[in-house]
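Scroll down for the structure; my scribbles are underneath it.
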Amino acid sequence: MSDTISIEHDARGVATLWLDRAEKHNAMSAQMIAELHRAAEKLGADASVRAVILAAKGKTFCAGGDLGWMREQFEADQATRSREAAKLAHMLQALNTLPKPLIGRVQGNALGGGVGMVSVCDVVIGSDQVVMALTETRLG
């Protein structure tokens, strides 16, 4: 059972992969990163899935990294930070190499790692109110 994502399938073979932490603006935690990676592998191997829509519950597509997870990374040793960064990179790689079309459906903000998720989609659809930013560059 996933706590941070959900998946819906329709009769046409379209799977919707939902970021499902609306109360946290779909910020990426270690758990969400792991669940997204597993979901990408599962959907890629599922012959009944013809296309995947990456979407988010709530008003924000993805606020980037969860502040608690980011705080843990600041306090962790170099080896731990490297492992966590590799997990994020591997999740994005799994989405990027999905053997099905990946369609991003973006609303609200896509910040930091949310921009990364948008960038690995084959096609992205969003309104002109979508805001994308790499805000971590302000941290110095």
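Kindly evaluate residue 40 against the criterion of being among the small types (Gly, Ala, Ser), more than 27 Å from residue 129 (Cβ to Cβ), surrounded by 15 or more Cβ atoms within 10 Å (Cβ to Cβ) and at pLDDT 95 or above. Considered against the rule, which asks whether it is among the small types (Gly, Ala, Ser), more than 27 Å from residue 129 (Cβ to Cβ), surrounded by 15 or more Cβ atoms within 10 Å (Cβ to Cβ) and at pLDDT 95 or above, residue 40 comes out as yes.
Scan segment 86-93 and give yes if some residue there is more than 19 Å from residue 5 (Cβ to Cβ), outside any loop (DSSP other than H, G, I, E, B) and free of Cβ contacts under 8 Å to residues at least 24 places away in the same chain, otherwise no. Within segment 86-93, one or more residues are more than 19 Å from residue 5 (Cβ to Cβ), outside any loop (DSSP other than H, G, I, E, B) and free of Cβ contacts under 8 Å to residues at least 24 places away in the same chain.
Scanning segment 1-39 for residues that are out of contact with any strand residue (DSSP E or B) (no Cβ under 6 Å at 6 or more places or on another chain) and part of a loop (DSSP other than H, G, I, E, B) yields 1, 2, 3, 4, 10, 11, 12, 13, 21, 25, 27, 29. The number of residues in segment 44-64 that are farther than 11 Å from residue 25 by Cβ and in contact with a helix residue (DSSP H, G or I) (Cβ under 9 Å, 6 or more places away or on another chain) comes to 4. One residue stands out in segment 103-127 among those that are in a loop (DSSP other than H, G, I, E, B) and of a type outside the set (S, T, N, Q): the one that is surrounded by the fewest Cβ atoms within 10 Å (Cβ to Cβ), namely 122.
Report yes if some residue within segment 42-51 is under 25 Å from residue 13 (Cα atoms) and hydroxyl-bearing (Ser, Thr, Tyr); otherwise report no. Scanning segment 42-51, I find at least one residue that is under 25 Å from residue 13 (Cα atoms) and hydroxyl-bearing (Ser, Thr, Tyr), so the answer is yes. Would you say residue 84 is more than 28 Å from residue 122 (Cα to Cα) and touching an Asp or Glu at 6+ places or on another chain (Cβ under 9 Å)? So residue 84 does not fit the description; no. Taking the condition free of Cβ contacts under 8 Å to residues at least 60 places away in the same chain and closer than 21 Å to residue 136 by Cα, does residue 39 pass? Spelling it out, it is not the case that residue 39 is free of Cβ contacts under 8 Å to residues at least 60 places away in the same chain and closer than 21 Å to residue 136 by Cα.
The values are calculated or read from the model by the stated rules, or taken from the named source; none is laboratory data. From a predicted model like this one, the values you see are computed outputs, not experimental measurements. Using ideal geometry, Cβ is built from the backbone for each residue, glycine included, and neighbour counts are taken over all protein chains shown.
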